[in-house]
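Each value in this text was obtained by applying a stated rule to the coordinates, not by laboratory testing. Keep in mind that what you see is a predicted model, and the values were worked out from it rather than measured. Don't worry about glycine lacking a Cβ; one is built from the backbone with ideal geometry, like all the others, and counts go over all protein chains shown.
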Amino acid sequence: MSELPIETHPLQPFLPEHAQWLFLGSFPPPQARWSMLFFYPNFINDFWRIMGYLFFDDREYFVVQGEKRFDQSAIEAFARDKGFAFFDTATKVRRLKGNASDAFLEIIEPTDVGSLLAAMPSCKNIITTGGLAGETLCRMLGVEQLPKIGEFVFCPQAQHSLGRDIIFWRMPSSSRAYPLKLEKKAEYYARLFE
């Protein structure tokens, strides 16, 4: 039996210089499931529906009408305008079951989150959008306990290494596999912007 292949992250980090929010998932799904070449690309993932619901009161705001894909140019413009940056906590993984489920991802190389933050001097908030991403970030930042969903912790190690306070927020997964209605997920994400 041959060893499973190692996949390298297919996207470059999206890091607007003025970004104040860094969203980190675990790793993208296989590219056959993508509807665009950007983060949260799977059409059945609710991340962009949550953003549409929160900011435009329209869960379909970023959906191309009549098509099963998101409007990547509108999403990138929105993210730049809001100061949202995106990447994932893993740079290299093995897919144990051929999907993006946290339970079946083996992280081979975690992302150097410190270098992402160094490129964004205004960024003070890191948001994880799933369980594995949260657990991985805890290890990276020296955080002893994963925050509860919808809550945050301060990261003293980041203050020491970056010279600024970093707040680590844990949000519910935007995957449809996570058993929570979109509106309830949006209530948690709304806490970021209060």
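Shape call for region 1-57 from the C-alpha gyration tensor, a ≥ b ≥ c root eigenvalues: rounded (a/c under 1.5), prolate (a/b greater than b/c) or oblate? Intermediate results must be reported in sequence, preceding the final value.
Working: a/c = 2.91, a/b = 1.62, b/c = 1.79.
Since a/c reaches 1.5 but b/c is at least a/b, the shape of region 1-57 is classed as oblate.
Please give the length that would be gained between residue 3 and residue 72 if that part of the chain were fully extended, namely 0.36 nm times their separation in residues minus their C-alpha to C-alpha distance (nm, one decimal). Don't skip to the end; give the middle numbers.
Numbers: separation 69, 0.36 × 69 = 24.84 nm, distance 3.50 nm.
Additional length available on full extension: 21.3 nm.
Between 19, 103, 133, where does the largest GNM mean-square fluctuation fall for the chain, given springs only between Cα atoms within less than 10 Å?
103
About the Cα centre of the chain, how large is the charge dipole given +1 on each Lys and Arg Cβ and -1 on each Asp and Glu Cβ? Please answer in debye to the nearest 20. Intermediate values should be presented prior to the final figure.
On the way: 21 positive and 23 negative charges, 64 e Å.
Roughly 300 debye for the chain.
Quick one: plug the Kirkwood hydrodynamic radius of the chain (C-alpha pairs) into Stokes-Einstein at 37 °C, 0.692 mPa s, and report D in µm²/s. Walk me through the numbers on the way to the answer.
Values: Rh = 17.0 Å.
The calculation lands on 193 µm²/s.
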